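Working notes for the structure below.
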Amino acid sequence: MWLEENLIILRQLLPKDAKIEQRISESENISNIDLLSKISGVVLREKAPCFIGCRMGRPEKAQMRAMRGSPCSLFPVGLDGGRLREVNNMNKMNIKFRDFFCSKCNKSVLWGVCPFCKSQTTEKQIISAEHDIKTLLDNAHLNLKNKFKQVEILKGVRGLSSERMIPERIEKGILRSFHNLTIFKDCTIRYDAIDVPITHFKPKEIGTSIEKLRKLGYFEDYLGNPLKQEDQICELFAQDVIMPENASDVFVSISRFVDDELEFFYNLSRYYSIKTANDLIGHLVIGLAPHTSAGIIGRIIGFTPAFAQFAHPYWHAAKRRNCDGDEDGFMLLMDALLNFSQQYLPNKRGTRIMDAPIVLTTILKVEEVDDEVYHLDVADHYPLEFYEAAFCYDAPSAVSIDLVENKMKAGTPYSGLKFTHNTTCFYDGPHTSSYKTLTTMLDKVMAELEIAKKAVSVEETDVANLVIQCHFIKDIRGNLRSFTTQTVRCTGCNEIFRRPPLAGICPKCKKNLTLTIHEGGIRKYLGPSLKIVEKYRLDEYTRQCLDLILCQVDAVFGKKTNQNTLF
């Protein structure tokens, strides 16, 4: 049956015609497809006339952001806090800070409001003085009604870099440590996720009930029918966001921290009272790109198992993003309102204003976002003229397709956006790439080369050469160069020294010193590179480059030999 059907096609494409040879002879320098079209009289097109090559930009990411040392509070501990910078393991602290004087208690304190008598203090100059940390810590627990004394580790920072040198209140650090949360440089708690644009969704895809969606304003699907079933397609509101499932645990912890802060520190009523992740739906967050200082308000409407954050293209454009692998930070709104302050930001160029919610956009206006989104097509189908223009490689402006800018001119940019293809589930597919699941770099490279071997248009030896020449060799040489000029670190106080002290120990705490760059970091790519060269029989130049690097590494660390005895 299959053969008979194909014979019919072949008879039509290759008719018995005496002029076929003449047509073939007259059809020089044309492609096979064009030749068959000329012989058969049937217009034929290539299935894939154009191929686009690409590289993997980055693996997916969705996790809480943490500074070095994972501090719970922007409270300075100096060298007295030890390697872990623990506040609760100190009795005294001697560090540089802004001095405030409380006339009622007749003592110097660290804040504009006295933590002991709650009266206003007088701001003085920046000084280096000693403070009784144990007294401050006991008073902080007293202010929190001794509800969180079970906190064992309270991590601070080494020192302050802000202009006014004012630390954060210890009470907030205790509450964060209790809820296992860490801060960023501006005392907010950040969650980072990859940006993905989306314009439509189904209730079953985001795990939100119809009743809750109706409370959020979703009364109709995108066709105007009443929203009754979970498989109906809804048009996403411009400021609604869909977060990853693992973000729900983080935001639940943040909400509980904020409630405890309101109740025990500010003596106000609790705001969130969230018990499960489903209770987060409808609450507001702030989205912020790291290269800007203006956040945009968003509303959580659901969660997905994907390690990415889905939002409207307008919302991403409001953050000055175009979703080409970008990663942005997200904050629970009340956390930012209560705890963010420009006084905490480092007094350095760039960090003074960048990656901080100094400005907050509450209402998204399409006219004010990045104009790149104006060229987003919102048609429900592509006309035949579009494909004909694409076949001729015409300019995009040669074909009229419904774009966002057309909706703006019509005065309806926030609704009526269409799509060309429906999907069963917009996040269906692998949620975690093998790049994150494979443990060793050799496994990752070998998996990449196996994919290259299966791709017809890719030569696996070229890929192997690129990986070794552009990544491994440069990394090994760079690490080897850094090893010879590296700094040393104190194992006790983490102090960094450009050169090893003559005494061989830390001059501040008298503890031992250790290297900051180790042999393992230099050899880690050398073994995989040699195995790839042998397996894929790469060119002699690459082989000799690795042989020379191996000689250099062995000259520094000594040649590795198999140890057959205990001693």
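The values are calculated or read from the model by the stated rules, or taken from the named source; none is laboratory data. None of the values given here were measured: they were computed from a predicted structure. Every residue, glycine as well, gets a Cβ built from its backbone with ideal geometry; the counts of neighbours run over all protein chains shown.
In the set Arg98, Arg85, Arg68, Arg45, which member is modelled with pLDDT of 80 or more and in contact with a Gly (Cβ under 7 Å, 6 or more places away or on another chain)?
Step by step, each of Arg98, Arg85, Arg68, Arg45 is checked, and only Arg85 is modelled with pLDDT of 80 or more and in contact with a Gly (Cβ under 7 Å, 6 or more places away or on another chain).
Among the residues of segment 331-345, is there at least one that is touching a residue at least 60 places away in the same chain (Cβ under 8 Å), farther than 25 Å from Gly173 by Cα and either aromatic (Phe, Trp, Tyr) or in the same structural domain as Val196 (by TED's automatic domain parsing) (or both)?
Checking segment 331-345: not a single residue is touching a residue at least 60 places away in the same chain (Cβ under 8 Å), farther than 25 Å from Gly173 by Cα and either aromatic (Phe, Trp, Tyr) or in the same structural domain as Val196 (by TED's automatic domain parsing) (or both).
Taking segment 280-303, which residues are at pLDDT 95 or above and among the β-branched types (Val, Ile, Thr)?
Answer for segment 280-303, where residues must be at pLDDT 95 or above and among the β-branched types (Val, Ile, Thr): Ile281, Val285, Ile286, Ile296, Ile297, Ile300, Ile301.
List pairs: first residue in segment 355-367 and under 21 Å from Gly411 (Cα atoms), second residue among the small types (Gly, Ala, Ser) and surrounded by 12 or more Cβ atoms within 10 Å (Cβ to Cβ) anywhere in the structure, Cβ distance under 6 angstrom, at least six positions apart or on different chains.
Partner pairs satisfying both residue conditions: Leu364/Ala238; Leu364/Ala318.
State all residues of segment 346-363 that are at pLDDT 90 or above, more than 20 Å from Glu168 (Cα to Cα) and not hydrophobic (A, V, I, L, M, F, W, C); if no residue qualifies, say none.
Result: Thr361, Thr362.
(1) aromatic (Phe, Trp, Tyr); (2) farther than 30 Å from Asp192 by Cα; (3) in contact with an Asp or Glu (Cβ under 9 Å, 6 or more places away or on another chain): which one isn't true of Phe148, the others all being true?
With (1) aromatic (Phe, Trp, Tyr); (2) farther than 30 Å from Asp192 by Cα; (3) in contact with an Asp or Glu (Cβ under 9 Å, 6 or more places away or on another chain) applied to Phe148, the lone miss is (2).
Any chance you could count how many residues in segment 376-420 are more than 31 Å from the chain's Cα centre (by Cα) and part of a strand (DSSP E or B)?
So the answer is 0.
List the number of the failed condition for Asp195; all other conditions in (1) surrounded by fewer than 14 Cβ atoms within 10 Å (Cβ to Cβ); (2) at pLDDT below 95 hold.
(1)
Determine whether Phe237 is of a type in the set (Phe, Trp, Tyr), closer than 21 Å to Leu360 by Cβ, out of contact with any Leu (no Cβ under 6 Å at 6 or more places or on another chain) and modelled with pLDDT of 95 or more.
yes
Being β-branched (Val, Ile, Thr) and closer than 25 Å to Pro357 by Cα is the requirement here; does Ile189 meet it?
Yes.
A quick yes/no check of all residues on (1) surrounded by fewer than 17 Cβ atoms within 10 Å (Cβ to Cβ); (2) modelled with pLDDT of 95 or more:
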| position | (1), (2) |
| --- | --- |
| Ser177 | no, no |
| Asp186 | no, no |
| Tyr191 | no, yes |
| Phe201 | no, yes |
| Leu213 | no, yes |
| Tyr218 | no, yes |
| Leu223 | yes, no |
| Asp231 | yes, no |
